[in-house]
Amino acid sequence: MAKKEETISLIDTFSEFKETKNIDRTTMVSVLEESFRSVIAKMFGTDENYDVIVNPDKGDFEIWRNRVVVADDELTNPNMQIALSEAQKVDTSYEIGEEVTDEVIFAKFGRRAILNLRQTLASKILELEKDSLYNKYIDKVGTIIAAEVYQIWKKEILLLDDEGNELLLPKTEQIPSDFYRKGETVRAVVARVDNRNNNPKIILSRTSPIFLQRLLEMEVPEINDGLITIKKIARIPGERAKLAVESYDDRIDPVGACVGVKGSRIHGIVRELRNENIDVINYTSNIQLFIQRALSPARVSSIVMHEEEKKVEVYLKPEEVSLAIGKGGMNIKLASMLTEYTIDVYRELDESVADEDIYLEEFEDEIDGWIIDAIKAIGLDTAKAVLNAPREMLIEKADLEEDTVDEILSILRAEFEE
């Protein structure tokens, strides 16, 4: 009974491996042979006198042992040698020095050998599957895939692809308003493949600019055909994005092509990104013009460039300032990300105000020294500079309370009103 169970166990082992995904026939045969040889070598100290033949089509295998015929009284290694009297029981014509080949029934090696084989195979299969998974997904980095939600954890979601491979969508790579249930399908871009200790982890992302780029390539044929190029993308996931596009054909309006008639091409992408507002602008290598376009819908009056510091001062009419900054500072932040310049926004000087200006130090009797230092640290040295700067900038960049900022502005205005 035990031997029958052992034989069945071997057949199961073989069929399990035969059905293993992503492993080609040649590799399968090679690994099976290697595993049998590994077990034989552990049992007998060598496998050099064995022939292992795997038949993947039939789902079986053969093991043949080669032994040299020696005189009965010279037998020292039964694994490598066979006594003349034993050899002649197989065939009376055998003589000393000849080689006898006989089939070995692996199941007769016992339960331990079979268990050893199963463990060896399982280990090799796991390694092969890991290699296969890594190779499959390292080539997919930067492409969109769809996967099914399998398990939801606090810090990440576990998804399965159509082959049952495990993929991870970390919380940091999810759009803040993303919400999924088990069994739902998620679209995301393959961000990277971590492979520590040959243990590949496929990390997906829905917040990456590449995700937005790939979605646009799918929706806008002109991008896919290479007639329009996406030059830059800046995203605040789930909130707002800006992208700069350029056309190589003067007859094609790149912004219009990306948006589509009545927004038809962009609508699907906006829905996929949880109503992320997408601004599309024309790219230009003229950095001043590019910054002006990046700050839309605000209209810029003038720009002062500081090329070495990658910094610009942008002057606008008072009614345009809030548009340039945007809700929660979002517009100016995206414009800075898109242009790779630090953008400081200022109100245009009111010509009716007298030309004289006053250094902030003159107000030390009314304004605390640390507050003056905080304002100077963001590049504002005079009263007019502070009055012309947006209130939101003083709150965020100088890290001051709203009440404090209002009080400072009141003090400074009073000085000029007098």
Quick one: residue 309 ticks every box in (1) farther than 29 Å from residue 228 by Cα; (2) out of contact with any Ser or Thr (no Cβ under 8 Å at 6 or more places or on another chain) except a single one, so which number is it?
(2)
Quick one: what pairs do we get from the stretch 146-162, first residue among the basic types (Lys, Arg), second open to solvent by less than 80 Å² (accessible area, probe 1.4 Å), C-beta under 7 Å, 6+ apart or different chains?
155/170
Just to be sure I understand, how many residues within the stretch 146-160 are crowded, with 17+ Cβ neighbours inside 10 Å and within 17 Å of residue 214 (Cβ to Cβ)?
1
Taking the stretch 151-167 and keeping only residues that are farther than 15 Å from residue 129 by Cβ, of a type outside the set (D, E, K, R) and part of a strand (DSSP E or B), one is left with 151, 152, 157, 158, 159
Filter pass, residue 212 being open to solvent by less than 70 Å² (accessible area, probe 1.4 Å), closer than 29 Å to residue 134 by Cβ and aliphatic (A, V, I, L, M)
yes
Pairs needed: first member in the stretch 80-99, over 20 Å from residue 46 (Cβ atoms) and of a type outside the set (A, V, I, L, M, F, W, C); second member anywhere, open to solvent by 60 Å² or more (accessible area, probe 1.4 Å) and part of a helix (DSSP H, G or I); C-beta distance under 6 Å; at least 6 residues apart or different chains.
85/72; 94/88
Which one is nearest to residue 277 (Cα to Cα), of the residues in the stretch 238-250 that are open to solvent by 30 Å² or more (accessible area, probe 1.4 Å) and outside any strand (DSSP E or B)?
239
In the stretch 197-216, is there at least one residue being modelled with pLDDT of 95 or more, part of a loop (DSSP other than H, G, I, E, B) and basic (Lys, Arg)?
yes
Looking at 187, 192 in this structure, which one is open to solvent by 50 Å² or more (accessible area, probe 1.4 Å), in a strand (DSSP E or B) and in contact (Cβ under 8 Å) with a residue 60 or more places away in the chain?
187
Search the stretch 88-122 for residues being of a type in the set (S, T, N, Q) and touching a Ser or Thr at 6+ places or on another chain (Cβ under 9 Å), and hand back the single one that is least open to solvent (accessible area, probe 1.4 Å).
120
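The values are calculated or read from the model by the stated rules, or taken from the named source; none is laboratory data. Everything numeric in this text was worked out from a predicted model, so none of it was measured. As a convention, Cβ positions derive from the backbone with ideal geometry for all residues, glycine included, and neighbour counts pool all protein chains shown. In case anyone asks, the SASA skips ligands and DNA or RNA and just uses the protein heavy atoms, side chains included. Shrake-Rupley method; radii C 1.70, N 1.55, O 1.52, S 1.80 Å.
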